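A short worksheet on the structure shown next.
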Amino acid sequence: MGFVDYEVDGHVAVITINRPKALNALNEDVLKDIEAAFDAVDLSEIRAIILTGAGEKSFVAGADIAAMSVMTKEQGEHFGKFGNDIFRKIETFPVPVIAAVNGFALGGGNELAMSCDIRICSDNALFGQPEVGLGITPGFGGTQRLARLIGPGKAKEMVFASRNIKADEAYRVGLVNAVYTQEELMPAAKKLAGAIAKMAPIAVRNSKKAMNDGLQTDMDQAIVIEEKLFGGCFETEDQKNGMQAFLEKRKVEQFNNR
Ligand code: DAK
């Protein structure tokens, strides 16, 4: 994968978008490599994923403007669908994905971060959807996910006026969960991923699915989704071990993902 690095540390995978000369901007090749990295994840081993960008300046500075500048309507639609399918794959990926936003998260970069489950960032991060200044709409889910995450009023301000926000404001509006110094960001991401990886993996996956699927529907149906995923946990060895350990007043040694 030429534009993406893939590392594994125990039950945690780190996927790093590596095109720093273009501030990790997304062209079709970069997108293909991101998808290949997610396809390569061994779900029997990996329990949490960190997605970040190479270099000290940028998570992802957007979709590749040079590549988009010559697209026809059909090519634009194809590019939009291509990216959207990959971002949706990340959003619905069985294990949690943490975006460690280490700088610019503009346009497709912010959209990529928003397709992750949790966002944390460094204090030099900058978030925005500058597309209307380029004569296009956000095209990788930005008009949808930003409004859902921070509310339509703030999202519309950012999109319509192409207004970028810094890390502290991103924290205030709930776009990121926490802000760290640049040095602290990856250790913090790994600590969080490690905490997730220690939990019962099937219960974590089912919780992610319950929240994601439930948010797409009304409460009556959402509760049924939860009931089914909750019920499914009772067929797992990890549920038996977890509850047995509690009753015996000891800590679970490890969950076996079964
Ligand atoms: N695309 C291509 N190259 C980029 C880039 C981008 N988005 N962002 C930066 N680069 C490149 C620069 O061209 C430069 O390359 P060289 O000139 O060195 O060859 C290199 O990265 C370093 O950038 P700068 O020299 O500009 O670095 P600065 O620190 O001065 O400025 C910056 C950093 C992030 C403020 C600036 O580069 C910038 O404004 N970049 C563009 C940010 C932006 O507008 N991003 C949103 C892109 S639009 C859709 C699908 C997807 C989308 C929309 C529709 N459908 C098909 C429906 C998504 C759209 C977007 O993401």
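Of all residues in region 131-157, those satisfying the criterion of being part of a helix (DSSP H, G or I), of a type in the set (Val, Ile, Thr) and surrounded by fewer than 19 Cβ atoms within 10 Å (Cβ to Cβ) are Val132, Thr143.
Residues in region 59-75 that are touching a Leu at 6+ places or on another chain (Cβ under 7 Å) and at negative phi were compared, and the one that is most open to solvent (accessible area, probe 1.4 Å) is Ile65. Listed by position, the helices (runs of 4 or more DSSP H) inside region 168-258 whose residues that are free of Cβ contacts under 8 Å to residues at least 24 places away in the same chain and open to solvent by less than 40 Å² (accessible area, probe 1.4 Å) number at least 3 are 219-233.
Under the condition of being hydrophobic (A, V, I, L, M, F, W, C) and open to solvent by 10 Å² or more (accessible area, probe 1.4 Å), the residues counted in region 80-93 number 2.
Of everything listed in (1) within 11 Å of the ligand (Cβ to nearest atom); (2) among the small types (Gly, Ala, Ser); (3) closer than 25 Å to Asp117 by Cβ, the single unmet condition for Ala37 is (1). Residue count for region 94-130, restricted to those that are in a helix (DSSP H, G or I), crowded, with 24+ Cβ neighbours inside 10 Å and not aliphatic (A, V, I, L, M): 4.
Residues are listed down the side, and each one gets a yes or a no for (1) outside any loop (DSSP other than H, G, I, E, B); (2) within 22 Å of Pro138 (Cβ to Cβ); (3) among the polar types (S, T, N, Q); (4) open to solvent by 40 Å² or more (accessible area, probe 1.4 Å):
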| residue | (1), (2), (3), (4) |
| --- | --- |
| Glu7 | yes, no, no, yes |
| Ile15 | yes, no, no, no |
| Val30 | yes, yes, no, no |
| Ile34 | yes, yes, no, no |
| Ser44 | no, no, yes, yes |
| Ile50 | yes, no, no, no |
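From the set of residues in region 17-28 that are over 17 Å from the mean Cα position of the chain (by Cα) and without any contact (Cβ under 8 Å) to a residue 40 or more places away in the chain, which is surrounded by the most Cβ atoms within 10 Å (Cβ to Cβ)?
Arg19
What number of residues within region 133-170 satisfy the criterion of being farther than 18 Å from Leu112 by Cα, within 12 Å of the ligand (Cβ to nearest atom) and hydrophobic (A, V, I, L, M, F, W, C)? The qualifying residues number 1. Listed by first and then second residue, the pairs with beta-carbon distance under 9 Å, at least 6 apart or on different chains, first residue in region 100-120 and more than 14 Å from Asn27 (Cα to Cα), second basic (Lys, Arg) and not in a helix (DSSP H, G or I), are Ala100/Arg119; Val101/Arg119; Asn102/Lys57; Gly103/Lys57; Phe104/Lys57; Ala105/Arg119; Ala113/Arg119.
Table: residues versus (1) over 16 Å from the mean Cα position of the chain (by Cα); (2) within 26 Å of Val204 (Cα to Cα).
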| residue | (1), (2) |
| --- | --- |
| Glu45 | yes, yes |
| Ala61 | no, no |
| Glu77 | yes, no |
| Lys81 | yes, no |
| Val97 | no, yes |
| Met114 | no, yes |
| Leu126 | yes, no |
| Val132 | yes, no |
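The values are calculated or read from the model by the stated rules, or taken from the named source; none is laboratory data. Predicted model only: the values in this text are computed from it and were never measured. Cβ coordinates were reconstructed from backbone atoms using ideal geometry, including for glycine residues, and neighbour counts include every protein chain displayed. Heavy atoms of the whole protein, side chains included, go into the accessibility calculation; ligands, DNA and RNA do not. Shrake-Rupley method; radii C 1.70, N 1.55, O 1.52, S 1.80 Å.
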